[in-house]
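Novice: For reference, the structure I am asking about is given below.
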Amino acid sequence: MPPRRNTFDTGIASEYLVLSKLYRLGMEAYISQGNKKSIDIRVVKKDGTSISIDVKSVRGYSSLVVNNVLVKKDLFVVFVIYNNKFEDLAVEPEIYIVPSVELSKLISHFKKEKRIMKGAILKYKDTWNLLK
């Protein structure tokens, strides 16, 4: 039976992928539980301050919906783009780390949705240093 192709599976896989990378970078991180949350991961920095991460993911590659993203100075949005290779474990997804305060200048509007186009965030690819 082929894997279910739904956003819940993609989202959970992406949150744990990002959490794993944060731990590999030596960061203290905690995942939030539940479906109706605006913050997916909380990171406690070495100085005791914290930042929040909202993980957005897509199995395709063109754009990601950001209708419910908050804008706060201590909030980052991590976009995980699988480029139609979600099931291929040999292929790593692309990851973009964007400060939420930068989103307003990156958003495109399609009908009633706010979207981030992959081309608008290219300079944020693998910018893990922004979280430290």
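Novice: Can you tell me which residues in the stretch 46-103 are β-branched (V, I, T) and either in a loop (DSSP other than H, G, I, E, B) or touching a residue at least 60 places away in the same chain (Cβ under 8 Å) (or both)?
Specialist: Within the stretch 46-103, T49, I51, I53, V66, V69, V71, V78, V80, V91, I95 meet the criteria.
One line per residue, one yes/no per condition, for (1) surrounded by 12 or more Cβ atoms within 10 Å (Cβ to Cβ); (2) touching a Leu at 6+ places or on another chain (Cβ under 9 Å); (3) of a type in the set (A, V, I, L, M, F, W, C); (4) closer than 26 Å to M27 by Cα:
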{"residue": "V44", "(1), (2), (3), (4)": "yes, no, yes, yes"}
{"residue": "G60", "(1), (2), (3), (4)": "yes, no, no, no"}
{"residue": "V65", "(1), (2), (3), (4)": "yes, no, yes, no"}
{"residue": "E87", "(1), (2), (3), (4)": "no, no, no, no"}
{"residue": "P99", "(1), (2), (3), (4)": "yes, yes, no, yes"}
{"residue": "S104", "(1), (2), (3), (4)": "no, no, no, no"}
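Novice: Right, next: I need the full set of residues from the stretch 47-58 which are in contact with a strand residue (DSSP E or B) (Cβ under 8 Å, 6 or more places away or on another chain) and surrounded by fewer than 15 Cβ atoms within 10 Å (Cβ to Cβ), in order please. Walk me through it before giving the result.
Specialist: First, the residues of the stretch 47-58 that are in contact with a strand residue (DSSP E or B) (Cβ under 8 Å, 6 or more places away or on another chain): 50-58.
Residue satisfying the conditions is S50 alone.
Novice: Related question: Being within 18 Å of T10 (Cβ to Cβ) and hydrophobic (A, V, I, L, M, F, W, C) narrows it down to one of V98, V77, so name that one.
Specialist: When all the criteria are applied, what remains is V77.
Novice: Looking only at the stretch 116-132, filter to residues that are closer than 19 Å to S20 by Cβ and over 13 Å from the mean Cα position of the chain (by Cα); which one of those is surrounded by the most Cβ atoms within 10 Å (Cβ to Cβ)?
Specialist: First, the residues of the stretch 116-132 that are closer than 19 Å to S20 by Cβ: 125-132.
Adding the requirement that they be over 13 Å from the mean Cα position of the chain (by Cα) leaves 129-130, 132.
On the way: N129: 8, L130: 13, K132: 11.
This residue is L130.
Novice: Taking the stretch 104-132, which residues are among the hydroxyl-bearing types (S, T, Y) and not in a loop (DSSP other than H, G, I, E, B)?
Specialist: We begin by selecting, within the stretch 104-132, every residue among the hydroxyl-bearing types (S, T, Y); these are 104, 108, 124, 127.
Of everything in the stretch 104-132, those that are among the hydroxyl-bearing types (S, T, Y) and not in a loop (DSSP other than H, G, I, E, B) turn out to be S104, S108, Y124.
Novice: Could you pull out the residue among K111, K85 that is of a type outside the set (S, T, Y) and at pLDDT below 95?
Specialist: Going through K111, K85 in turn, the sole match is K111.
The values are calculated or read from the model by the stated rules, or taken from the named source; none is laboratory data. Given the structure is predicted, the values throughout are model-derived calculations rather than measurements. FYI the Cβ positions are ideal-geometry reconstructions off the backbone, even for glycines, and counts take in every protein chain you see.
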